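The values are calculated or read from the model by the stated rules, or taken from the named source; none is laboratory data. Everything quoted here is computed from the prediction, not taken from an experiment. A quick note on method: Cβ atoms are made from the backbone with ideal geometry, for glycine too, and the neighbour counts reach across all protein chains shown. Keep in mind that these areas ignore ligands, DNA and RNA; they rest on the heavy atoms of the full protein, side chains included. Shrake-Rupley method; radii C 1.70, N 1.55, O 1.52, S 1.80 Å.
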Amino acid sequence: MAQEIHAPIAHGGALSEAIARFGGTASEWLDLSTGISPFSLPLPELPADCWRRLPERAEVQRVCELAMRHYGASVVPVAVPGTQAAIQLLPFLTPNASEVAIVSPTYGEYARAYQRMDMTVDPVGTLDAAAATRAGVAILANPNNPDGRETQRDDVFGFVRSQRHRLVIVDEAFADMRQDLSMVGAAGMEPNLVVMRSFGKFFGLAGLRLGFVFAEAGLAKILSERLGPWAVSGPSLAIAAHAFSRLDLINEIRSKLDKAHMMTRSALKMARVPIVGETALFFYCEVGDGAAVRDMLASHKLLVRAFDHSPSRIRIGLAPDELSAVRLRETLRLMEPRTS
(Lines give C-alpha, C1' and ligand atoms only; values in the text may rest on other atoms or scores of the structure.)
Protein backbone atom coordinates (compact mmCIF):
# COMPACT_ATOMS: atom_id res chain seq x y z
CA MET A 1 0.00 0.00 0.00
CA ALA A 2 1.32 3.45 -0.89
CA GLN A 3 2.27 5.60 2.09
CA GLU A 4 -0.22 8.40 2.74
CA ILE A 5 1.38 11.82 2.48
CA HIS A 6 -0.11 14.79 4.30
CA ALA A 7 0.60 18.37 3.29
CA PRO A 8 2.27 20.40 6.04
CA ILE A 9 0.02 22.81 7.93
CA ALA A 10 1.68 26.13 7.09
CA HIS A 11 -0.93 28.51 8.52
CA GLY A 12 -3.72 28.65 11.04
CA GLY A 13 -7.21 27.72 9.93
CA ALA A 14 -6.09 24.62 8.01
CA LEU A 15 -9.10 22.64 9.18
CA SER A 16 -9.41 20.50 6.04
CA GLU A 17 -5.81 19.32 6.44
CA ALA A 18 -6.44 18.55 10.09
CA ILE A 19 -9.56 16.55 9.26
CA ALA A 20 -7.64 14.62 6.60
CA ARG A 21 -5.08 13.61 9.22
CA PHE A 22 -7.21 13.13 12.32
CA GLY A 23 -10.71 12.50 11.03
CA GLY A 24 -14.09 13.83 12.04
CA THR A 25 -16.28 16.49 10.47
CA ALA A 26 -15.92 20.25 10.67
CA SER A 27 -18.79 20.50 13.16
CA GLU A 28 -16.92 18.22 15.58
CA TRP A 29 -13.82 20.39 15.67
CA LEU A 30 -13.01 23.41 17.83
CA ASP A 31 -10.70 25.51 15.64
CA LEU A 32 -8.56 27.82 17.78
CA SER A 33 -5.66 27.91 15.33
CA THR A 34 -6.11 31.48 14.05
CA GLY A 35 -6.07 35.00 15.43
CA ILE A 36 -9.42 35.78 13.79
CA SER A 37 -12.27 36.97 15.98
CA PRO A 38 -14.73 34.14 16.69
CA PHE A 39 -17.53 36.72 16.52
CA SER A 40 -18.63 37.83 13.07
CA LEU A 41 -20.22 41.19 12.42
CA PRO A 42 -23.95 40.74 11.66
CA LEU A 43 -24.26 41.14 7.92
CA PRO A 44 -26.58 43.73 6.39
CA GLU A 45 -29.03 42.95 3.61
CA LEU A 46 -26.99 43.55 0.49
CA PRO A 47 -28.41 45.25 -2.58
CA ALA A 48 -28.67 42.94 -5.59
CA ASP A 49 -26.62 45.38 -7.67
CA CYS A 50 -23.47 44.76 -5.63
CA TRP A 51 -23.47 41.18 -6.93
CA ARG A 52 -24.27 41.99 -10.55
CA ARG A 53 -22.16 45.08 -11.15
CA LEU A 54 -18.47 45.80 -10.96
CA PRO A 55 -17.80 48.19 -8.07
CA GLU A 56 -17.52 51.80 -9.15
CA ARG A 57 -14.66 54.08 -8.19
CA ALA A 58 -16.98 56.23 -6.07
CA GLU A 59 -17.96 53.21 -3.97
CA VAL A 60 -14.32 52.34 -3.33
CA GLN A 61 -13.53 55.96 -2.46
CA ARG A 62 -16.43 56.15 -0.01
CA VAL A 63 -15.37 53.01 1.86
CA CYS A 64 -11.74 54.14 1.94
CA GLU A 65 -12.83 57.47 3.45
CA LEU A 66 -14.87 55.60 6.06
CA ALA A 67 -11.81 53.44 6.79
CA MET A 68 -9.68 56.55 7.18
CA ARG A 69 -12.04 57.87 9.86
CA HIS A 70 -12.48 54.49 11.54
CA TYR A 71 -8.75 53.87 11.92
CA GLY A 72 -7.88 57.48 12.73
CA ALA A 73 -5.73 58.04 9.66
CA SER A 74 -4.61 61.24 7.97
CA VAL A 75 -4.76 59.90 4.41
CA VAL A 76 -7.25 57.88 2.40
CA PRO A 77 -5.97 54.28 2.18
CA VAL A 78 -5.70 51.85 -0.68
CA ALA A 79 -8.30 49.07 -0.39
CA VAL A 80 -6.77 45.63 -0.96
CA PRO A 81 -8.28 42.13 -1.25
CA GLY A 82 -6.84 41.13 2.12
CA THR A 83 -3.54 42.30 3.57
CA GLN A 84 -1.91 39.12 2.26
CA ALA A 85 -2.40 40.54 -1.24
CA ALA A 86 -0.64 43.73 -0.14
CA ILE A 87 2.24 41.72 1.35
CA GLN A 88 2.79 40.08 -2.05
CA LEU A 89 3.23 43.55 -3.58
CA LEU A 90 5.48 45.12 -0.93
CA PRO A 91 8.74 44.41 -2.83
CA PHE A 92 7.49 46.59 -5.70
CA LEU A 93 7.49 49.64 -3.41
CA THR A 94 11.30 49.57 -3.31
CA PRO A 95 12.46 48.03 -6.59
CA ASN A 96 16.08 49.11 -6.03
CA ALA A 97 16.42 47.57 -2.58
CA SER A 98 18.31 44.31 -2.29
CA GLU A 99 17.81 43.54 1.41
CA VAL A 100 14.92 43.65 3.88
CA ALA A 101 15.14 43.56 7.68
CA ILE A 102 12.20 41.80 9.34
CA VAL A 103 11.68 41.96 13.09
CA SER A 104 11.39 38.24 13.84
CA PRO A 105 10.11 35.66 14.54
CA THR A 106 6.91 36.79 12.88
CA TYR A 107 4.42 36.01 10.11
CA GLY A 108 6.34 34.06 7.50
CA GLU A 109 4.79 35.58 4.38
CA TYR A 110 6.80 38.81 4.65
CA ALA A 111 10.02 36.89 4.07
CA ARG A 112 8.50 34.73 1.33
CA ALA A 113 7.33 37.78 -0.61
CA TYR A 114 10.83 39.27 -0.72
CA GLN A 115 12.57 35.96 -1.31
CA ARG A 116 10.44 35.47 -4.42
CA MET A 117 12.01 38.68 -5.71
CA ASP A 118 15.51 37.37 -4.91
CA MET A 119 16.00 39.88 -2.12
CA THR A 120 18.08 39.07 0.97
CA VAL A 121 16.01 38.68 4.13
CA ASP A 122 17.69 39.69 7.38
CA PRO A 123 15.74 38.49 10.46
CA VAL A 124 16.40 40.86 13.38
CA GLY A 125 15.18 40.86 16.95
CA THR A 126 14.32 44.56 17.32
CA LEU A 127 13.95 47.78 15.37
CA ASP A 128 17.31 48.89 16.81
CA ALA A 129 18.87 45.81 15.26
CA ALA A 130 17.20 46.65 11.94
CA ALA A 131 18.89 50.05 12.04
CA ALA A 132 22.28 48.35 12.07
CA THR A 133 21.63 46.50 8.81
CA ARG A 134 22.08 47.63 5.22
CA ALA A 135 18.44 46.87 4.44
CA GLY A 136 16.47 49.39 2.46
CA VAL A 137 13.24 48.09 4.01
CA ALA A 138 12.29 47.30 7.61
CA ILE A 139 9.14 45.36 8.52
CA LEU A 140 7.47 45.25 11.92
CA ALA A 141 4.23 43.53 12.95
CA ASN A 142 2.73 45.41 15.89
CA PRO A 143 1.37 43.66 17.88
CA ASN A 144 3.42 40.79 16.55
CA ASN A 145 2.12 37.47 15.32
CA PRO A 146 2.59 34.90 16.85
CA ASP A 147 4.08 36.05 20.17
CA GLY A 148 2.06 39.24 20.79
CA ARG A 149 5.20 41.36 21.23
CA GLU A 150 4.34 45.08 21.33
CA THR A 151 6.49 48.00 20.23
CA GLN A 152 5.42 51.33 21.68
CA ARG A 153 4.29 53.99 19.23
CA ASP A 154 6.97 56.47 20.31
CA ASP A 155 9.66 53.88 19.57
CA VAL A 156 8.23 53.16 16.12
CA PHE A 157 7.86 56.86 15.39
CA GLY A 158 11.42 57.56 16.47
CA PHE A 159 12.70 54.77 14.22
CA VAL A 160 10.72 56.05 11.24
CA ARG A 161 12.03 59.58 11.75
CA SER A 162 15.65 58.47 12.15
CA GLN A 163 15.61 56.07 9.19
CA ARG A 164 14.55 58.29 6.30
CA HIS A 165 16.63 56.22 3.90
CA ARG A 166 14.56 53.10 4.65
CA LEU A 167 10.98 52.23 3.91
CA VAL A 168 9.34 51.19 7.20
CA ILE A 169 6.35 48.87 6.88
CA VAL A 170 4.17 48.28 9.95
CA ASP A 171 1.56 45.53 9.86
CA GLU A 172 -1.17 46.35 12.38
CA ALA A 173 -3.41 43.37 11.65
CA PHE A 174 -3.91 42.80 15.39
CA ALA A 175 -4.03 46.43 16.54
CA ASP A 176 -7.80 47.00 16.54
CA MET A 177 -7.96 46.52 20.30
CA ARG A 178 -4.70 48.46 20.86
CA GLN A 179 -5.14 51.74 19.01
CA ASP A 180 -2.58 53.29 21.37
CA LEU A 181 0.09 51.37 19.42
CA SER A 182 -1.09 52.41 15.98
CA MET A 183 0.99 54.42 13.50
CA VAL A 184 -1.91 54.91 11.10
CA GLY A 185 -2.15 58.62 11.91
CA ALA A 186 1.45 59.18 10.80
CA ALA A 187 1.17 57.24 7.53
CA GLY A 188 1.10 59.67 4.65
CA MET A 189 2.68 62.37 6.80
CA GLU A 190 5.92 60.38 7.01
CA PRO A 191 7.00 59.60 3.43
CA ASN A 192 8.89 56.41 4.37
CA LEU A 193 6.07 54.83 6.39
CA VAL A 194 3.50 52.26 5.21
CA VAL A 195 0.85 50.90 7.58
CA MET A 196 -1.38 47.89 6.83
CA ARG A 197 -4.68 47.15 8.56
CA SER A 198 -6.77 43.98 8.31
CA PHE A 199 -10.56 44.23 8.19
CA GLY A 200 -11.44 40.57 8.63
CA LYS A 201 -9.60 39.72 11.85
CA PHE A 202 -11.42 42.11 14.18
CA PHE A 203 -14.79 41.88 12.44
CA GLY A 204 -14.61 38.08 12.19
CA LEU A 205 -14.98 38.22 8.41
CA ALA A 206 -11.64 36.99 7.10
CA GLY A 207 -13.43 35.31 4.20
CA LEU A 208 -14.21 38.73 2.72
CA ARG A 209 -10.51 39.24 1.92
CA LEU A 210 -10.37 42.96 2.69
CA GLY A 211 -7.69 45.23 4.08
CA PHE A 212 -6.36 48.76 3.84
CA VAL A 213 -2.89 50.19 3.24
CA PHE A 214 -2.01 53.71 4.40
CA ALA A 215 0.92 55.42 2.68
CA GLU A 216 1.99 58.63 0.97
CA ALA A 217 0.58 59.29 -2.49
CA GLY A 218 3.48 57.93 -4.56
CA LEU A 219 3.61 54.60 -2.76
CA ALA A 220 -0.19 54.34 -2.75
CA LYS A 221 -0.18 54.83 -6.52
CA ILE A 222 2.31 51.99 -7.02
CA LEU A 223 0.09 49.65 -4.99
CA SER A 224 -3.07 50.74 -6.80
CA GLU A 225 -1.51 50.21 -10.21
CA ARG A 226 -0.16 46.79 -9.24
CA LEU A 227 -3.58 45.74 -7.96
CA GLY A 228 -5.38 46.88 -11.09
CA PRO A 229 -9.07 47.76 -11.40
CA TRP A 230 -11.82 46.17 -9.27
CA ALA A 231 -9.40 44.68 -6.77
CA VAL A 232 -12.03 44.61 -4.03
CA SER A 233 -15.49 43.10 -4.53
CA GLY A 234 -18.76 45.00 -4.33
CA PRO A 235 -20.15 42.85 -1.50
CA SER A 236 -16.96 43.42 0.53
CA LEU A 237 -17.30 47.18 0.07
CA ALA A 238 -20.97 47.14 1.07
CA ILE A 239 -20.24 45.13 4.22
CA ALA A 240 -17.30 47.36 5.17
CA ALA A 241 -19.41 50.49 4.72
CA HIS A 242 -22.00 48.98 7.05
CA ALA A 243 -19.37 47.96 9.61
CA PHE A 244 -17.62 51.32 9.75
CA SER A 245 -20.91 53.16 10.28
CA ARG A 246 -22.15 51.03 13.19
CA LEU A 247 -20.37 52.07 16.36
CA ASP A 248 -22.87 50.04 18.40
CA LEU A 249 -21.84 46.82 16.64
CA ILE A 250 -18.15 47.69 16.95
CA ASN A 251 -18.53 48.20 20.70
CA GLU A 252 -20.47 44.93 20.97
CA ILE A 253 -17.64 43.04 19.27
CA ARG A 254 -15.11 44.66 21.60
CA SER A 255 -17.13 43.58 24.61
CA LYS A 256 -17.45 40.01 23.33
CA LEU A 257 -13.72 39.82 22.62
CA ASP A 258 -12.89 41.06 26.11
CA LYS A 259 -15.12 38.38 27.64
CA ALA A 260 -13.74 35.62 25.40
CA HIS A 261 -10.18 36.71 26.20
CA MET A 262 -10.84 36.42 29.93
CA MET A 263 -12.51 33.00 29.55
CA THR A 264 -9.64 31.67 27.43
CA ARG A 265 -7.00 33.04 29.79
CA SER A 266 -8.79 31.39 32.72
CA ALA A 267 -8.94 28.06 30.86
CA LEU A 268 -5.20 28.19 30.15
CA LYS A 269 -4.36 29.10 33.75
CA MET A 270 -6.53 26.32 35.14
CA ALA A 271 -4.86 23.86 32.78
CA ARG A 272 -1.46 25.09 34.02
CA VAL A 273 -0.33 26.15 30.55
CA PRO A 274 2.24 28.98 30.75
CA ILE A 275 1.27 32.06 28.71
CA VAL A 276 4.39 33.74 27.32
CA GLY A 277 2.73 36.23 24.99
CA GLU A 278 -0.71 37.40 23.91
CA THR A 279 -2.87 39.86 22.01
CA ALA A 280 -6.59 40.52 22.31
CA LEU A 281 -7.17 37.72 19.78
CA PHE A 282 -4.76 34.93 20.76
CA PHE A 283 -2.39 33.48 23.36
CA TYR A 284 1.17 32.24 22.86
CA CYS A 285 1.99 29.35 25.17
CA GLU A 286 5.00 27.31 26.26
CA VAL A 287 4.26 23.58 26.04
CA GLY A 288 7.64 21.87 25.63
CA ASP A 289 6.99 20.26 22.23
CA GLY A 290 4.63 22.36 20.16
CA ALA A 291 4.13 19.92 17.29
CA ALA A 292 3.46 17.00 19.63
CA VAL A 293 0.96 18.98 21.70
CA ARG A 294 -0.74 20.28 18.55
CA ASP A 295 -1.16 16.70 17.33
CA MET A 296 -2.36 15.48 20.72
CA LEU A 297 -4.99 18.21 20.82
CA ALA A 298 -5.93 17.50 17.21
CA SER A 299 -6.55 13.87 18.11
CA HIS A 300 -9.31 15.28 20.34
CA LYS A 301 -10.61 17.50 17.50
CA LEU A 302 -9.11 20.71 18.90
CA LEU A 303 -6.94 22.66 16.46
CA VAL A 304 -4.13 25.02 17.53
CA ARG A 305 -1.04 26.35 15.75
CA ALA A 306 2.56 25.15 16.18
CA PHE A 307 5.69 26.83 14.75
CA ASP A 308 8.95 25.64 13.25
CA HIS A 309 10.76 28.78 14.43
CA SER A 310 9.61 28.33 18.04
CA PRO A 311 9.20 24.55 18.41
CA SER A 312 8.31 24.60 22.11
CA ARG A 313 5.34 26.93 21.69
CA ILE A 314 1.81 27.00 20.32
CA ARG A 315 -0.69 29.75 19.55
CA ILE A 316 -4.25 29.39 20.79
CA GLY A 317 -7.11 31.58 19.59
CA LEU A 318 -10.09 32.71 21.64
CA ALA A 319 -12.68 30.26 22.92
CA PRO A 320 -15.97 31.87 21.87
CA ASP A 321 -18.12 30.66 24.76
CA GLU A 322 -18.02 28.92 28.13
CA LEU A 323 -18.59 25.45 26.67
CA SER A 324 -15.61 25.90 24.33
CA ALA A 325 -13.48 27.25 27.17
CA VAL A 326 -14.27 24.18 29.29
CA ARG A 327 -13.46 21.90 26.36
CA LEU A 328 -10.15 23.68 25.88
CA ARG A 329 -9.29 23.46 29.57
CA GLU A 330 -10.15 19.78 29.92
CA THR A 331 -8.34 18.79 26.72
CA LEU A 332 -5.23 20.73 27.75
CA ARG A 333 -5.27 18.94 31.09
CA LEU A 334 -4.53 15.71 29.23
CA MET A 335 -1.05 17.09 28.52
CA GLU A 336 -0.49 18.47 32.01
CA PRO A 337 2.63 16.35 32.68
CA ARG A 338 4.30 18.13 29.76
CA THR A 339 3.84 21.58 31.26
CA SER A 340 4.12 20.96 35.02
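Quick notes on this structure:
- Taking a straight Cα-Cα cut-off under 29 Å and skipping sequence neighbours fewer than 8 places away in the same chain, the lysines within cross-link reach of Lys301 are Lys201, Lys256, Lys259, Lys269.
- Distance from segment 288-338 to segment 141-185 (C-alpha centre basis), Å: 29 Å
- Prolate/oblate/rounded label for segment 69-174 (Cα gyration tensor, a/c 1.5): rounded
- Exposure of Ser27 as accessible area (Å², to 10), given a probe of 1.4 Å and all protein chains: 110 Å²
- Once the Cα atoms are used to define both axes, helix 153-162 deviates from the longest principal axis of the chain by about 40 degrees.
- Principal-axis tilt of helix 57-71 within the chain, Cα atoms, nearest 10 degrees: 60 degrees
- Rg/Rh (Cα only; Kirkwood hydrodynamic radius) as it applies to segment 213-340: 1.13
- Cα-only Debye scattering, segment 121-267: base-10 log of I(q)/I(0) at q = 0.14, 0.15 Å⁻¹: -0.79, -0.90
- Counting all C-alpha pairs of the chain, share separated by more than 34 Å (%): 27 percent
- Calculated P(r) of segment 247-297 - Cα pairs past 18 Å, %: 42 percent
- Label separation (Ser74 vs Arg161): 1.2 nm, computed from points 7 Å beyond Cα along the C-beta direction.
- Packing, taken as the mean count of other beta carbons within 10 Å per residue, orders the peptides 152-165, 122-135, 206-219, 229-242 from highest to lowest as 206-219, 229-242, 122-135, 152-165.
- Cα-based helix-to-principal-axis angle, 217-227 vs the chain, degrees rounded to 10: 60 degrees
- Take segment 1-107 with all the other protein chains still there, run a 1.4 Å probe, and you get 55 Å² of accessible area per residue.
- Nearest-10 value in Å² for the accessible area of Lys256, using the 1.4 Å probe: 90 Å²
- Divided by 2.2 N^0.38 Å, where N counts the residues, the Cα radius of gyration of segment 11-80 comes to 1.66.
- Here the label points at Arg272 and Arg254, each 7 Å from Cα along the C-beta direction, are separated by 3.8 nm in the simple model.
- Accessible surface of segment 199-340 [probe 1.4 Å, protein heavy atoms]: carbon and sulfur percent: 52 percent
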